[in-house]
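**Student:** Dropping the structure in here first, questions after.
The values are calculated or read from the model by the stated rules, or taken from the named source; none is laboratory data. Remember, it's a predicted structure, so these values are computed and weren't measured experimentally. All Cβ positions, even for glycine, are placed from backbone atoms using ideal geometry, and neighbour counts span all protein chains on display.
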Amino acid sequence: MDAVVKNFPKAAAVPAPDLSALSEHVRAAPAPAVPRPSRAEAEGAVRTLLSYIGDNPDREGLVETPKRFVNAYEELFAGYRECPAEILDRTFSEIGSYAEPVLVRDIPFYSHCEHHVMPFTGKAHIAYAPTERVVGLSKIARLIDVYARRLQTQEHLTSQIATAIDEILKPRGVAVMLEAEHTCMSMRGVAKPGSLTVTTQFTGLFRNDAQEQARFFTLVRGGAR
């Protein structure tokens with residue numbers, strides 16, 4: 001008997017949203033500075049900073065540092081070139097009778113404080129209650145990276161993630177929780193390493209139903225780590 005081969009179901013596009021109805025930070029990548037400095041100007045600025053802190057940018061160990069620094073910044077801040085609406089534009093409808101929230105927890109992320117341009121790192125916990133369709137789990141992690149790889153405050157990062165999921169997927173509710181350590185607090189200033197900042201934002205049923213909110217926290221905190 002010949003084998004029967006079935007095609008794996010493909011992801012379907014979310015009905016095209018009205019872009020004008022989306023928040024500005026959701027529908028498009030940020031507009032670049034005009035005029036944008038050249039690569040040479042960026043590397044020159046790094047040389048200036050190296051001289052400012054008291055080092056010699058012409059010594060052997062630092063000669064290539066401006067080039068490496070700019071390369072690193074292009075990677076660390078890649079989120080300025082990405083659009084959140086494009087990340088969540090594919091969903092899956094074959095979820096059977098599933099009607100409960102979907103939680104992706106302990107997603108590592110890193111970002112940079114917009115006040116001192118120092119890193120903060122931590123974990124994100126994201127839940128949403130789908131309406132007939134779900135998004136690929138990796139897309140949630142990618143969405144976090146889009147916003148995290150920009151200059152941020154943790155509060156704003158939390159809000160942007162929740163807003164993007166809510167406006168694009170239109171679920172019955174969204175829950176976002178970020179836990180992070182800020183090096184601008186642990187390495188300078190008050191110098192308190194190990195201190196964690198926790199931020200949350202809820203929409204829909206997670207905001208309006210205390211039991212759903214409590215269940216979210218239980219799922220985030222429960223289980224082996």
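**Student:** Which ones in the stretch 83-118 are in contact with a helix residue (DSSP H, G or I) (Cβ under 6 Å, 6 or more places away or on another chain) and under 24 Å from T183 (Cβ atoms)?
**Tutor:** R105, I107, F109, S111, C113, H116, M118
**Student:** Return yes when A72 is surrounded by fewer than 14 Cβ atoms within 10 Å (Cβ to Cβ) and in the same structural domain as T183 (by TED's automatic domain parsing) and no when it is not.
**Tutor:** no
**Student:** Here is a follow-up. Name the residues in the stretch 148-207 that are within 22 Å of L88 (Cβ to Cβ) and among the basic types (K, R), would you?
**Tutor:** R149, R150, K170, R172, R207 - these are the residues of the stretch 148-207 that are within 22 Å of L88 (Cβ to Cβ) and among the basic types (K, R).
**Student:** Which ones in the stretch 185-203 are within 20 Å of A129 (Cβ to Cβ) and over 21 Å from the mean Cα position of the chain (by Cα)?
**Tutor:** Of everything in the stretch 185-203, nothing turns out to be within 20 Å of A129 (Cβ to Cβ) and over 21 Å from the mean Cα position of the chain (by Cα).
**Student:** Also, I was wondering about something else. Every residue in the stretch 51-78 that is assigned to a loop (DSSP other than H, G, I, E, B) and under 22 Å from the mean Cα position of the chain (by Cα), please.
**Tutor:** Selection gives F77 alone.
**Student:** Provide a single number: the residues in the stretch 152-190 that are basic (K, R) and within 18 Å of N208 (Cα to Cα). Even if it seems obvious, please write down each step before you answer.
**Tutor:** Narrowing the stretch 152-190 to residues basic (K, R): 170, 172, 188.
Now drop any that are not within 18 Å of N208 (Cα to Cα), which leaves 170, 172.
Residues in the stretch 152-190 being basic (K, R) and within 18 Å of N208 (Cα to Cα): 2 in total.
**Student:** Let me ask you something else. Answer with yes or no whether T197 is in contact (Cβ under 8 Å) with a residue 24 or more places away in the chain and crowded, with 19+ Cβ neighbours inside 10 Å.
**Tutor:** No: the conditions fail for T197.
**Student:** Which members of the stretch 91-121 meet the condition of being touching a Lys or Arg at 6+ places or on another chain (Cβ under 6 Å) and farther than 27 Å from R221 by Cα?
**Tutor:** T91, S93
**Student:** While we're looking at this one, here's another question. Consider Y98 carefully, then state whether it is surrounded by fewer than 19 Cβ atoms within 10 Å (Cβ to Cβ), assigned by TED's automatic domain parsing to the domain that holds L205, free of Cβ contacts under 8 Å to residues at least 40 places away in the same chain and part of a loop (DSSP other than H, G, I, E, B).
**Tutor:** Details: surrounded by fewer than 19 Cβ atoms within 10 Å (Cβ to Cβ): yes; assigned by TED's automatic domain parsing to the domain that holds L205: yes; free of Cβ contacts under 8 Å to residues at least 40 places away in the same chain: yes; part of a loop (DSSP other than H, G, I, E, B): yes.
Here the answer is yes, as Y98 does meet what is asked.
**Student:** Are any of the residues in the stretch 138-152 over 18 Å from F216 (Cβ atoms), hydroxyl-bearing (S, T, Y), surrounded by fewer than 18 Cβ atoms within 10 Å (Cβ to Cβ) and assigned by TED's automatic domain parsing to the domain that holds K192?
**Tutor:** Yes: the stretch 138-152 contains one or more residues that are over 18 Å from F216 (Cβ atoms), hydroxyl-bearing (S, T, Y), surrounded by fewer than 18 Cβ atoms within 10 Å (Cβ to Cβ) and assigned by TED's automatic domain parsing to the domain that holds K192.
**Student:** Let me ask something else. Determine which single condition L205 fails, assuming it passes every other condition in (1) in contact with a Lys or Arg (Cβ under 7 Å, 6 or more places away or on another chain); (2) under 17 Å from S111 (Cβ atoms).
**Tutor:** (2)
**Student:** I need every pair where a residue in the stretch 29-53 that is outside the structural domain of R149 (by TED's automatic domain parsing) has its Cβ under 7 Å from the Cβ of a residue that is at pLDDT 95 or above and of a type in the set (D, E), sequence separation at least 6 or different chains.
**Tutor:** That search, which allows pairs on different chains as well, returns A29/E82.
**Student:** Considering each of V176, V135 in turn, give the residue that is at pLDDT below 95 and under 17 Å from the mean Cα position of the chain (by Cα).
**Tutor:** When all the criteria are applied, what remains is V135.
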